[in-house]
Amino acid sequence: MYIIPEPQEMNRGEGCYTVTFDRKIVIASSCGVNVYEYGKLLQEELRACTGYGLSITRGGSCKAAVTLSVDSTMGEEEYRLDVQEDGIRIAGGADRGVLYGVQTLRQIVRQEGVCIPYVTVHDYPAIKNRGFYHDVTRGRIPTLSYLKKLADNIAFYKMNQLQLYIEHTYLFEGLSEMWRDDTPLTAQDILEFDAYCRKLNIELVPNISCFGHLYKLLRTKTYEHLCEIPEPRKEPFGLRDRMMHHTINVSDEESLALIKSLIDQFMPLFTSEHFNIGADETFDLGKGKNLQRAEQIGMDRLYIDFVKELCEYVVSKGKKPMFWGDIICDFPQVIKELPEETICLNWGYEKEQSDESTRKLAAAGAVQYNCPGVSGWNQFVNRLDVAYENIKRMCSYALQYGTEGVLTTDWGDYGHINHPDFGIPGRIYGAAFSWNRNIPDFEEINRKISRVEFGDVSEKLVSVMAEIPSCQVFNWEEAVRYIECKTPAPTADELAGIKEALQNLERIADTLRHMTPGLSGQTLSLVHACLVAIRGIELFQKIGVALSARDYHTEPVLDVEGGVLAQELEEWFMYYKEVWRSVSRESELYQLQDVIFCYADLLRD
């Protein structure tokens with residue numbers, strides 16, 4: 001029996017308690033109003049796993065199978081779960097503690113059905129704030145129904161914060177020029193989602209780019225004059241280009257007024273006590289209109305003065321500002337100039353990530369979150385081995401240096417081509433490793449996730465998914481760069497392992513197909529998305545072969561016929577679009593389509 005995150009204390013007994021259909025879920029009078037919703041979560045889990053759900057009552061009953069109560073002597077997120085011959089009792093330090101006890105019981109029901117083993121669990125988090133950060137700008141804007149499923153998923157693993165990364169994908173009033181070709185989130189979407197998250201003890205933290213990464217805002221006719229680099233609209237769109245440029249001109253008074261107006265529109269939609277202003281990767285700062293000023297006062301001054309203005313404005317609105325720490329890490333001493341409420345989000349995504357940035361910011365007195373990543377950006381399928389090692393290290397550093405939280409990130413660089421559910425294992429790594437300092441090894445946590453999250457009794461699904469990214473020589477990022485940046489095609493030496501990679505992809509696809517009997521509908525959808533992604537990877541390996549032969553005038557290492565491959569690519573993209581639309585709005589699907597069709601045309605040439 002697996003529980004994720006692993007409880008701090010758990011003792012198994014002999015025997016089990018059988019939950020019969022004529023018993024009840026009883027909510028004690030000590031519980032708040034939200035506990036009824038948690039009772040419904042348990043009721044639905046029982047119905048899904050056993051065929052029947054128990055009725056819910058409040059106060060007391062002689063037919064209690066499960067009793068939910070609050071014990072104020074415990075911490076708010078602390079809980080006790082006790083399963084004995086006379087029934088199941090869950091007590092939490094507050095409503096949120098009860099929720100986490102219910103989530104643990106749901107995981108047990110998912111594996112054991114109605115015969116619940118005798119067990120005593122005492123549990124509480126190692127790190128106070130445990131969040132997930134999801135990019136809803138660079139390619140995908142999820143449907144509201146998918147966002148709710150995302151909230152359900154992170155709450156199931158006891159995360160308590162969620163942020164959605166937004167540059168231009170909210171329907172700001174007066175900025176139709178910025179979002180007119182997109183399918184943005186609306187105010188009602190945010191209000192409904194915020195209320196949904198609150199019921200699950202999730203703080204939905206508002207986040208908009210306020211400094212760098214203002215690609216679409218600063219390419220409008222109305223506001224391009226506020227860009228650090230002159231005339232940005234002259235440059236063609238590029239999936240890579242929008243990652244690198246478009247920082248606002250901090251010397252223009254209109255810039256600050258514009259950003260404050262965006263904050264004023266966005267902030268009231270959230271009940272969160274925080275506001276994330278972004279302020280990361282300001283690559284252009286001081287390289288255009290502020291070149292002379294940067295030489296006079298220094299880049300660090302240019303940066304911190306603007307961030308300070310924004311943070312003070314957020315504080316004046318009664319909120320705690322957050323910002324990304326990649327720039328300030330080069331001059332951490334200025335962190336003391338920011339309001340004391342400010343939280344620095346310290347990100348690092350490498351497999352062998354060091355503790356340097358965490359240590360430097362801690363020494364400077366920063367209040368910080370450590371922010372690892374699920375390693376899905378630029379990939380058809382997430383690199384789970386990288387995600388595991390990165391998240392393990394960053395969570396360990398968070399505990400070592402006493403950070404205030406962990407925020408596990410999922411970015412959508414280069415169009416967010418990967419299905420967002422491929423990030424589920426990474427999300428769960430972040431939830432598990434920030435809750436309990438005991439970190440299972442890679443294979444063990446993958447077995448647990450396969451069983452608990454995906455209902456895979458073979459416990460192999462996640463390990464099979466983890467193999468996919470290694471079976472490629474020519475990947476999506478390289479494909480984009482070849483078109484947009486004119487980077488070289490892969491050489492014959494680089495393509496040496498292409499046949500083995502394609503054989504491995506076929507083997508993995510066959511393994512996935514043979515795993516489908518017995519899997520639930522949701523997991524079958526994930527498997528289908530994996531198979532579509534594998535097909536895309538296969539096609540791009542062959543495209544890499546064709547490009548190499550054309551550019552270097554060599555014999556192809558595989559037999560590739562351009563016209564046939566072009567048609568296969570276009571047919572594959574039809575299936576890809578179906579998968580995309582099952583969880584995402586149309587959003588920037590057309591940008592990926594441009595890349596795909598560019599290759600189809602190139603192959604026919």
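Identify, from the list Asp510, Asp493, the residue that is assigned to a helix (DSSP H, G or I) and either free of Cβ contacts under 8 Å to residues at least 60 places away in the same chain or touching an Asp or Glu at 6+ places or on another chain (Cβ under 8 Å) (or both). Can you show your working first?
Values: Asp493 fails: assigned to a helix (DSSP H, G or I).
Result: Asp510 is the single residue among Asp510, Asp493 that is assigned to a helix (DSSP H, G or I) and either free of Cβ contacts under 8 Å to residues at least 60 places away in the same chain or touching an Asp or Glu at 6+ places or on another chain (Cβ under 8 Å) (or both).
Which condition does Tyr118 not pass, out of (1) assigned to a helix (DSSP H, G or I); (2) within 30 Å of Gly518 (Cβ to Cβ), if it passes all the others?
All conditions pass for Tyr118, except number (1).
Quick check on Gly325: is it within 21 Å of Ile166 (Cα to Cα), small (Gly, Ala, Ser) and touching a helix residue (DSSP H, G or I) at 6+ places or on another chain (Cβ under 9 Å)? It would help to see each step written out before you state the result.
Details: within 21 Å of Ile166 (Cα to Cα): yes; small (Gly, Ala, Ser): yes; touching a helix residue (DSSP H, G or I) at 6+ places or on another chain (Cβ under 9 Å): yes.
For Gly325, the condition - within 21 Å of Ile166 (Cα to Cα), small (Gly, Ala, Ser) and touching a helix residue (DSSP H, G or I) at 6+ places or on another chain (Cβ under 9 Å) - is met.
Do you know which residues across region 566-577 are without any contact (Cβ under 8 Å) to a residue 40 or more places away in the chain and either of a type outside the set (Gly, Ala, Ser) or touching a His at 6+ places or on another chain (Cβ under 9 Å) (or both)?
Gln567, Glu568, Leu569, Glu570, Glu571, Phe573, Met574, Lys577
Does Glu568 count as within 23 Å of Phe237 (Cβ to Cβ) and either in a strand (DSSP E or B) or open to solvent by 20 Å² or more (accessible area, probe 1.4 Å) (or both)?
Judged against the criteria, Glu568 is not a match.
May I ask you to list the residues in region 263-287 that are on the phi < 0 side of the Ramachandran plot, open to solvent by less than 30 Å² (accessible area, probe 1.4 Å), of a type outside the set (Val, Ile, Thr) and within 24 Å of the chain's Cα centre (by Cα)? Show your work before the answer.
Initial filter on region 263-287 (on the phi < 0 side of the Ramachandran plot): 263-277, 280, 282-285, 287.
Cutting the leftovers down to open to solvent by less than 30 Å² (accessible area, probe 1.4 Å) gives us 263, 266-267, 269-270, 272, 274-277, 280, 282, 284-285.
Subset that is of a type outside the set (Val, Ile, Thr): 266-267, 269-270, 272, 274-276, 280, 284-285.
If the condition is that a residue be on the phi < 0 side of the Ramachandran plot, open to solvent by less than 30 Å² (accessible area, probe 1.4 Å), of a type outside the set (Val, Ile, Thr) and within 24 Å of the chain's Cα centre (by Cα), then Phe266, Met267, Leu269, Phe270, Ser272, His274, Phe275, Asn276, Asp280 are the ones that fit.
Could you tell me whether Thr358 is part of a helix (DSSP H, G or I), touching a residue at least 12 places away in the same chain (Cβ under 8 Å) and either hydroxyl-bearing (Ser, Thr, Tyr) or open to solvent by less than 20 Å² (accessible area, probe 1.4 Å) (or both)?
Details: part of a helix (DSSP H, G or I): yes; touching a residue at least 12 places away in the same chain (Cβ under 8 Å): yes; either hydroxyl-bearing (Ser, Thr, Tyr) or open to solvent by less than 20 Å² (accessible area, probe 1.4 Å) (or both): yes.
Judged against the criteria, Thr358 is a match.
Tell me which residues, restricted to region 324-338, are over 15 Å from Thr282 (Cα atoms) and surrounded by fewer than 14 Cβ atoms within 10 Å (Cβ to Cβ). Show your work before the answer.
Filtering region 324-338 for residues over 15 Å from Thr282 (Cα atoms) gives 332-338.
Those that are over 15 Å from Thr282 (Cα atoms) and surrounded by fewer than 14 Cβ atoms within 10 Å (Cβ to Cβ): Gln333, Lys336, Glu337.
Give region 170-216 a look and list any residue that's β-branched (Val, Ile, Thr) and over 18 Å from the mean Cα position of the chain (by Cα), or say none. Even if it seems obvious, please write down each step before you answer.
We begin by selecting, within region 170-216, every residue β-branched (Val, Ile, Thr); these are 183, 186, 190, 202, 205, 208.
Correct list: Thr183, Thr186.
Let's see how each residue does on (1) open to solvent by 40 Å² or more (accessible area, probe 1.4 Å); (2) of a type in the set (Ser, Thr, Tyr); (3) modelled with pLDDT of 95 or more; (4) under 26 Å from Gly415 (Cβ atoms):
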site	(1), (2), (3), (4)
Glu235	yes, no, no, yes
Arg240	yes, no, no, yes
His245	yes, no, no, yes
Leu291	yes, no, yes, no
Ile297	yes, no, yes, no
Ile304	no, no, yes, no
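Please find, within region 71-84, the residue that is modelled with the lowest pLDDT out of those that are open to solvent by 40 Å² or more (accessible area, probe 1.4 Å) and over 20 Å from Asn11 (Cβ atoms).
Kept after step one, since they are open to solvent by 40 Å² or more (accessible area, probe 1.4 Å), are these residues of region 71-84: 71-73, 76, 80, 82, 84.
Restricting the remaining residues to those that are over 20 Å from Asn11 (Cβ atoms) gives 72-73, 76.
Working: Ser72: 94, Thr73: 97, Glu76: 97.
In this case the residue turns out to be Ser72.
Working only within region 141-166, note down all residues that are part of a loop (DSSP other than H, G, I, E, B) and open to solvent by less than 10 Å² (accessible area, probe 1.4 Å). Walk me through how you get there before you give the answer.
We begin by selecting, within region 141-166, every residue part of a loop (DSSP other than H, G, I, E, B); these are 141, 143, 157-160.
Of everything in region 141-166, those that are part of a loop (DSSP other than H, G, I, E, B) and open to solvent by less than 10 Å² (accessible area, probe 1.4 Å) turn out to be Ile141, Tyr157, Lys158, Met159.
If I go through region 431-458 residue by residue, how many of them are assigned to a loop (DSSP other than H, G, I, E, B) and open to solvent by 40 Å² or more (accessible area, probe 1.4 Å)? Give the steps one after another, and end with the answer.
In the first step, residues of region 431-458 are kept if they are assigned to a loop (DSSP other than H, G, I, E, B); the result is 436-441, 453-458.
With the extra rule that they be open to solvent by 40 Å² or more (accessible area, probe 1.4 Å), the set shrinks to 437-439, 441, 457-458.
Number of matching residues: 6.
Are there any pairs with C-beta distances below 9 angstrom linking a residue in region 1-30 that is closer than 17 Å to Gly101 by Cα to a residue that is open to solvent by 60 Å² or more (accessible area, probe 1.4 Å) and of a type in the set (Gly, Ala, Ser), with the two at least 6 apart or on different chains, and if so which?
Cβ pairs passing all conditions: Ser30/Ser72.
Can you tell me which of Cys311, Cys344 is open to solvent by less than 10 Å² (accessible area, probe 1.4 Å), touching a residue at least 12 places away in the same chain (Cβ under 8 Å) and in contact with a Gly (Cβ under 7 Å, 6 or more places away or on another chain)? Don't jump to the end; show me each part of the working.
Values: Cys311 fails: in contact with a Gly (Cβ under 7 Å, 6 or more places away or on another chain).
Among Cys311, Cys344, only Cys344 is open to solvent by less than 10 Å² (accessible area, probe 1.4 Å), touching a residue at least 12 places away in the same chain (Cβ under 8 Å) and in contact with a Gly (Cβ under 7 Å, 6 or more places away or on another chain).
Mind checking which helices (runs of 4 or more DSSP H) fall wholly inside region 211-320 and carry at least 2 residues that are closer than 19 Å to Trp179 by Cα? It would help to see each step written out before you state the result.
Details: elements: 241-244, 253-266, 291-297, 299-316.
Those helices (runs of 4 or more DSSP H) span 241-244, 253-266.
The values are calculated or read from the model by the stated rules, or taken from the named source; none is laboratory data. This structure is a prediction, so every number in the text was calculated from the model and none was measured. Heads up, the Cβs are rebuilt from the backbone with ideal geometry, glycines too, and the neighbour counts pull from every protein chain shown. Note: accessible area is taken over every heavy atom of the protein model, side chains too, but ligands, DNA and RNA are not part of it. Shrake-Rupley method; radii C 1.70, N 1.55, O 1.52, S 1.80 Å.
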